[in-house]
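**Student:** Below is the structure I would like to discuss, written out as structure tokens.
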Amino acid sequence: MAQFTLNINNSTHQIDVAPETPLLWVLRDHMDLVGTKFGCGIGQCGACTVHLNGTAIRSCLLPISSIGDKSITTIEGLSENGDHPVQKAWIEHDVAQCGYCQSGQIMNAVSLLERNADPSDEDIAQAMNGNICRCGTYTRIKAAIKTAAKEV
Ligand code: FES
Ligand code: FES
């Protein structure tokens, strides 16, 4: 065990865990931030996507010891009231089906729009490629990203 100081959703937290513990487990089991989901655990599905210094990363693969003072943002920290433009576009397009993959989809979409405010269909397909949706909501995800792109 070791003690780590983490900046999560703009507040500082101290946590005692084994250094190799993946960020995903710290978020879910220690911080009760359960909006971030466990899917595959091997970096292949995107359900665990959060932001590290604003960039989308797979939290299931990131050992807590490698984070240092970088800022972590989860779906809970994206907006005060679920009203980030991407979240609003998701609601407008009624994107979610079972919802399991959707926090990862949203976090990845936000990261895309921060890099590219006017993504083409190809840009969206490429950026969202690693986020799997078993319910097949891909068409609505693309439409929502296009709507959100007009707002961010
Ligand atoms: Fe992390 Fe699937 S749970 S990529
Ligand atoms: Fe069900 Fe994506 S909405 S897995």
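**Student:** What strands (runs of 3 or more DSSP E), lying completely within segment 1-70, carry at least 2 residues that are polar (S, T, N, Q)? Even if it seems obvious, please write down each step before you answer.
**Tutor:** Working: elements: 2-8, 11-17, 49-52, 55-58.
So the answer is 2-8, 11-17.
**Student:** Let me ask something else about it. Is it true that S79 is in a helix (DSSP H, G or I), at pLDDT 95 or above, of a type in the set (G, A, S) and more than 14 Å from ligand 1 (Cβ to nearest atom)?
**Tutor:** On the way: in a helix (DSSP H, G or I): no; at pLDDT 95 or above: yes; of a type in the set (G, A, S): yes; more than 14 Å from ligand 1 (Cβ to nearest atom): yes.
In short, no.
**Student:** Quick one: K142 ticks every box in (1) within 12 Å of ligand 2 (Cβ to nearest atom); (2) without any contact (Cβ under 8 Å) to a residue 40 or more places away in the chain; (3) not in a loop (DSSP other than H, G, I, E, B) except a single one, so which number is it?
**Tutor:** (1)
**Student:** Under 8 Å between Cβ atoms, at least 6 apart or on separate chains: pull out the pairs that start in segment 51-77 with a residue that is over 13 Å from L27 (Cα atoms) and end on any residue that is basic (K, R) and within 13 Å of ligand 1 (Cβ to nearest atom).
**Tutor:** Between residues of segment 51-77 that are over 13 Å from L27 (Cα atoms) and residues that are basic (K, R) and within 13 Å of ligand 1 (Cβ to nearest atom), there is no close pair.
**Student:** Next up: Would you confirm whether or not segment 41-60 contains a residue that is on the phi < 0 side of the Ramachandran plot, in contact with a Pro (Cβ under 6 Å, 6 or more places away or on another chain) and within 14 Å of ligand 1 (Cβ to nearest atom)?
**Tutor:** Of the residues in segment 41-60, the ones on the phi < 0 side of the Ramachandran plot are 42, 44-45, 47-52, 55-60.
From the residues that got through so far, the ones that are in contact with a Pro (Cβ under 6 Å, 6 or more places away or on another chain) too are 60.
When the remaining residues are screened for being within 14 Å of ligand 1 (Cβ to nearest atom), the result is 60.
Yes, that holds for at least one residue.
**Student:** Return the residues of segment 85-118 that are surrounded by fewer than 21 Cβ atoms within 10 Å (Cβ to Cβ) and either part of a loop (DSSP other than H, G, I, E, B) or at pLDDT below 95 (or both); say none if nothing qualifies.
**Tutor:** H93, D94, A96, Q97, C98, G99, Y100, N116, A117, D118
**Student:** In the list T49, T55, T74, which residue meets the criterion of being open to solvent by 20 Å² or more (accessible area, probe 1.4 Å) and under 11 Å from the mean Cα position of the chain (by Cα)? Can you show your working first?
**Tutor:** Details: T49 fails: open to solvent by 20 Å² or more (accessible area, probe 1.4 Å); T74 fails: open to solvent by 20 Å² or more (accessible area, probe 1.4 Å).
After ruling out the rest, the residue left standing is T55.
**Student:** Determine if segment 125-139 includes at least one residue that is over 19 Å from C40 (Cβ atoms) and within 16 Å of ligand 2 (Cβ to nearest atom).
**Tutor:** Checking segment 125-139: at least one residue is over 19 Å from C40 (Cβ atoms) and within 16 Å of ligand 2 (Cβ to nearest atom).
**Student:** When the residues of segment 19-40 are narrowed to those that are open to solvent by 60 Å² or more (accessible area, probe 1.4 Å) and touching a residue at least 12 places away in the same chain (Cβ under 8 Å), which ends up nearest to N131 (Cα to Cα)?
**Tutor:** F38
**Student:** Another question about this same structure. Say we look at segment 48-65 and pick out the residues that are out of contact with any Leu (no Cβ under 9 Å at 6 or more places or on another chain) and small (G, A, S); which of these is nearest to ligand 2 (Cβ to nearest atom)?
**Tutor:** Going residue by residue through segment 48-65, those that are out of contact with any Leu (no Cβ under 9 Å at 6 or more places or on another chain) are 49, 53-55, 65.
Remaining after also requiring small (G, A, S): 54, 65.
Values: G54: 24, S65: 31 Å.
Only one residue fits best here, namely G54.
**Student:** Within segment 61-71, how many residues turn out to be within 14 Å of ligand 1 (Cβ to nearest atom), open to solvent by less than 50 Å² (accessible area, probe 1.4 Å) and over 15 Å from L33 (Cβ atoms)? Before you say what the answer is, go through the steps one by one.
**Tutor:** Filtering segment 61-71 down to residues within 14 Å of ligand 1 (Cβ to nearest atom) leaves 61-63.
From what is left, the residues that are open to solvent by less than 50 Å² (accessible area, probe 1.4 Å) are 62-63.
Now drop any that are not over 15 Å from L33 (Cβ atoms), which leaves 63.
Qualifying residue count, segment 61-71: 1.
**Student:** Can you tell me how many residues in segment 119-144 are charged (D, E, K, R) and either within 16 Å of the chain's Cα centre (by Cα) or buried (at least 21 other Cβ atoms within 10 Å of the Cβ) (or both)? Please lay out each step first, then the result.
**Tutor:** As a first pass, look at segment 119-144 and keep what is charged (D, E, K, R): 121-123, 134, 140, 142.
Narrowing the set further to residues that are either within 16 Å of the chain's Cα centre (by Cα) or buried (at least 21 other Cβ atoms within 10 Å of the Cβ) (or both) leaves none.
Here the count works out to 0.
The values are calculated or read from the model by the stated rules, or taken from the named source; none is laboratory data. No experiment lies behind these values; they were computed from the predicted model shown. Quick reminder, even Gly has a Cβ in these numbers, built from the backbone with ideal geometry, and neighbours come from all protein chains shown. We work out accessible area using only protein heavy atoms, side chains counted, and drop any ligands, DNA or RNA first. Shrake-Rupley method; radii C 1.70, N 1.55, O 1.52, S 1.80 Å.
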